[in-house]
4 protein chains.
Amino acid sequence: MKSSFNHTIQLRVRYGETDQMGYCYYGNYASYFEVGRVEALRSLGMSYRSLEEDGVMLPVSHFEVDYHSPALYDDELSIKTSIVLLKGARLFFEYTIHNANNVLISSAKTTLVFVSKVTMRPIPAPKEFVDLISKYHDGE
Amino acid sequence: MKSSFNHTIQLRVRYGETDQMGYCYYGNYASYFEVGRVEALRSLGMSYRSLEEDGVMLPVSHFEVDYHSPALYDDELSIKTSIVLLKGARLFFEYTIHNANNVLISSAKTTLVFVSKVTMRPIPAPKEFVDLISKYHDGE
Amino acid sequence: MKSSFNHTIQLRVRYGETDQMGYCYYGNYASYFEVGRVEALRSLGMSYRSLEEDGVMLPVSHFEVDYHSPALYDDELSIKTSIVLLKGARLFFEYTIHNANNVLISSAKTTLVFVSKVTMRPIPAPKEFVDLISKYHDGE
Amino acid sequence: MKSSFNHTIQLRVRYGETDQMGYCYYGNYASYFEVGRVEALRSLGMSYRSLEEDGVMLPVSHFEVDYHSPALYDDELSIKTSIVLLKGARLFFEYTIHNANNVLISSAKTTLVFVSKVTMRPIPAPKEFVDLISKYHDGE
């Protein structure tokens, strides 16, 4: 099911997230996208914390990111997170990050998989989630 | 120029690198690949530290990674780093990570760009590096 | 000069900041205190970013922290930062962190040192900072 | 019981562990001390991983560190870890870090607490550990 759901949050680059180039270290973007993802789900009506407490994990199986322009210390970044597709156990997200001057910092995609904590095997998305995302069903 | 240079190192998953799923957090692999890259360059005869001291930076412009199987706390991982292509200012790396049971944990690619610290613009790879990598020239 | 300046901010524990105990990893609190410190300075009227751009660094020389109760994933934490003393080049901060149920999570202290980027030696606090903090002068 | 057990390991400062000052970020030392601690226990004959699998956790309750001199990117650090005291459920470690020029980088102390994963309460150190550490009993 294609989705048109998206959500934007702001966060600041922390000092410890910079490296000696003076840029936000390339490995730290993964946690920014995670924050974007979690807050997107929360705004959709789903708590990732509750999901895990109900026995469902959502690990990342694929991650790709392009770094267009560096993010600097104390930059206030806007992270736009889009849920683009739910296909069986797999959930596809896309992201863009812009700084306060509206410069594109990075764009990224992740694939996550609904996994049972009991069997450790992929499972279909929980009905609660399907119901929430259905409201944003996009396309034929 | 295609290259056949590759290098393997071992490292252990630190406690702080796990998350509450009990897996190595997906965002921490970026620093593992960085370690692989730096040690590959060192074994080739190039110190990344010296490169920066000589006014050349090597930021990452693209990163993609597939997570095949989780890495766990204290797992001893083998990171194989391959330099696959040098094309103008751009240097292409590929990686695989296996655990001690030879299970494939992840595979990844990065693109890095030689950048002048003075102009902050892409520059051709330093001659010193081209000379080193030429010994591993692969292809016609 | 003793100071009574304090400031409180909220932040959430990120997924990547937990460890396999299910707790926020003990090493991640340092960045929480840094966020508290930077936002306290900003609310006082001083940008740490501008300070560095003006040639002054403020590295940490001492850090101590007591962990009273674990912080969990997605917990919304309140970080209270107090500037308690300015003594020559040294600036002393104290912190407490509480969760949303007002449980004390941790308490900490840091000592920071004003350092010149040129000489790399300690220097007296910049006059701009002394003027700002003087408004919160506490005691005889 | 006082102990004279100590152990030294080497590790290199990773690029992502530096900050824009060009120093190893103050928050990253906690993971260095953790590596020192885990390898000290391993050399003593105890696997921290096995300890957790046997239902015992060892969270940090107190951490203090003095930063004497900055660690730089790619520095090879020697971390000396000493187990100094076992007192009921509490285990006291001390650490020093030197660089390759034998400059003292930092010194630190941590207190850890043996905790049952079932009751989440402090418990006496496991007999297996007491037996191992007894060989290094120091003092009257």
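Read the figures in this text as sums done on the coordinates, not as results from a lab. Please read these numbers as outputs of a predicted model, since none were measured by experiment. Cβ coordinates were reconstructed from backbone atoms using ideal geometry, including for glycine residues, and neighbour counts include every protein chain displayed.
Among the conditions (1) out of contact with any helix residue (DSSP H, G or I) (no Cβ under 9 Å at 6 or more places or on another chain); (2) part of a strand (DSSP E or B), the only one that B:Ser106 does not satisfy is (1).
Annotation for the range B:28-50: no member residue is touching a helix residue (DSSP H, G or I) at 6+ places or on another chain (Cβ under 9 Å), assigned to a strand (DSSP E or B) and in contact (Cβ under 8 Å) with a residue 24 or more places away in the chain. For residues that are touching a residue at least 24 places away in the same chain (Cβ under 8 Å) and small (Gly, Ala, Ser), scanning just the range B:1-27, find the one that is nearest to B:Thr119 (Cα to Cα). If we take residues in the range B:1-27 being touching a residue at least 24 places away in the same chain (Cβ under 8 Å) and small (Gly, Ala, Ser), then B:Ser3 is nearest to B:Thr119 (Cα to Cα). Of all residues in the range D:52-76, exactly one satisfies the criterion of being part of a strand (DSSP E or B), in contact (Cβ under 8 Å) with a residue 60 or more places away in the chain and among the acidic types (Asp, Glu), namely D:Glu76. All of (1) under 16 Å from D:Met1 (Cβ atoms); (2) of a type outside the set (A, V, I, L, M); (3) within 11 Å of the chain's Cα centre (by Cα); (4) surrounded by fewer than 17 Cβ atoms within 10 Å (Cβ to Cβ) hold for D:Lys87 with one exception: (3). Filtered by the rule that a residue be aliphatic (A, V, I, L, M), under 12 Å from the mean Cα position of the chain (by Cα) and at the interface with another protein chain (Cβ under 8 Å from one of its Cβ atoms), the range A:15-63 gives A:Ala30, A:Val35, A:Val38, A:Val60. Which of the residues that make up the range D:5-46 are within 29 Å of A:Leu72 (Cα to Cα) and of a type in the set (S, T, N, Q)? Correct list: D:Thr18, D:Gln20, D:Asn28, D:Ser31. State yes or no: is B:Phe63 under 26 Å from B:Thr119 (Cβ atoms) and crowded, with 16+ Cβ neighbours inside 10 Å? Against the criterion (under 26 Å from B:Thr119 (Cβ atoms) and crowded, with 16+ Cβ neighbours inside 10 Å), B:Phe63 qualifies. When the test is whether a residue is buried (at least 16 other Cβ atoms within 10 Å of the Cβ) and farther than 26 Å from C:Ala71 by Cβ, A:Glu52 does not pass it. The set of residues in the range D:91-103 that are touching a helix residue (DSSP H, G or I) at 6+ places or on another chain (Cβ under 8 Å) and either more than 20 Å from C:Tyr67 (Cβ to Cβ) or surrounded by fewer than 17 Cβ atoms within 10 Å (Cβ to Cβ) (or both) contains only D:Ile97.
Looking at the range A:1-10, is at least one residue under 26 Å from C:Phe33 (Cα atoms), within 14 Å of chain B (Cβ to nearest Cβ) and not hydroxyl-bearing (Ser, Thr, Tyr)? No, that holds for no residue. Across the range B:102-140, the number of residues qualifying as over 22 Å from B:Ser4 (Cα atoms) and among the small types (Gly, Ala, Ser) comes to 1. Of the residues making up the range D:109-128, at least one is touching a His at 6+ places or on another chain (Cβ under 8 Å), surrounded by fewer than 20 Cβ atoms within 10 Å (Cβ to Cβ) and within 14 Å of chain C (Cβ to nearest Cβ).
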